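Here the structure is laid out as structure tokens; the discussion comes afterwards.
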Amino acid sequence: MGRGRVELKRIENKINRQVTFSKRRNGLLKKAYELSVLCDAEIALIIFSNRGKLYEFSSSGMTKTLERYQRCCFIPHDNTHERETQSWYLEVIKLNAKYEALQRTQRHLLGEDLGPLNMKELHNLEKQLEGALARARQQKTQIMMEQMDDLRKKERQLGDLNKQLIVKLEAEGQNLETIQGLWSCCGAAATKNFPLHQSQTQPMECV
């Protein structure tokens, strides 16, 4: 007696639900890839998790397949408004796919959700990280060089200012010596022209 059909229903346990989703998702992506290779079929697969994360596979490029889907399913009508609505609808789908792809790439760069990636995708991610690291090091070196140039410029400015102060102090010192010399000459001349009387030089006795 064969087994009865298992009822499909939502898995209540959150951990079991996530594990099942990962396994079924990877199996579905693998089957889509195998079908595209074995049967030379053009396949586009889009999966959104319950947390809004996008997982996709396209054998010929998602945008190209969506445009082909539009040409096959959205038959032109005389109703211009309906055609514009359908066109906008497809454009929204493509923009959402690009947005989710960018988010997925960002998660990969942060080291998240790496499980579904194959060896080639991991190698490409590694090259992207190495390129980003090289650009960060180059930018860091450029900033350090600019800071060193600024320090050298400030050092030269301080050196020039110091030289100006030395010249100014030397000029003020020479002026002070000239003034002191003039005072000395004037004092000697006054003593010579107006000699003190002897009584003025003798101390006075107190009574």
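Of note:
Residue-wise test of (1) in contact with a helix residue (DSSP H, G or I) (Cβ under 6 Å, 6 or more places away or on another chain); (2) not basic (Lys, Arg).
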site	(1), (2)
Arg104	no, no
His108	yes, yes
Gly131	no, yes
Asp150	no, yes
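- There is at least one residue in region 10-23 that is part of a loop (DSSP other than H, G, I, E, B), over 36 Å from the mean Cα position of the chain (by Cα), farther than 23 Å from Asn118 by Cα and acidic (Asp, Glu).
- Any hit, region 70-81, residues being assigned to a loop (DSSP other than H, G, I, E, B), of a type in the set (Val, Ile, Thr) and modelled with pLDDT under 80: yes
- Candidates Glu146, Glu84, Glu100, Glu130 - the one that is part of a helix (DSSP H, G or I), of a type outside the set (A, V, I, L, M, F, W, C), at pLDDT below 85 and farther than 23 Å from Arg51 by Cα: Glu84
- Some residue of region 49-69 being modelled with pLDDT under 80 and either on the phi < 0 side of the Ramachandran plot or assigned to a strand (DSSP E or B) (or both): no
- Filter pass, Arg137 being farther than 29 Å from Gln18 by Cα, assigned to a helix (DSSP H, G or I) and either over 34 Å from the mean Cα position of the chain (by Cα) or at pLDDT below 75 (or both): no
The values are calculated or read from the model by the stated rules, or taken from the named source; none is laboratory data. Keep in mind that this is a model prediction, so the values were computed, not measured. Quick reminder, even Gly has a Cβ in these numbers, built from the backbone with ideal geometry, and neighbours come from all protein chains shown.
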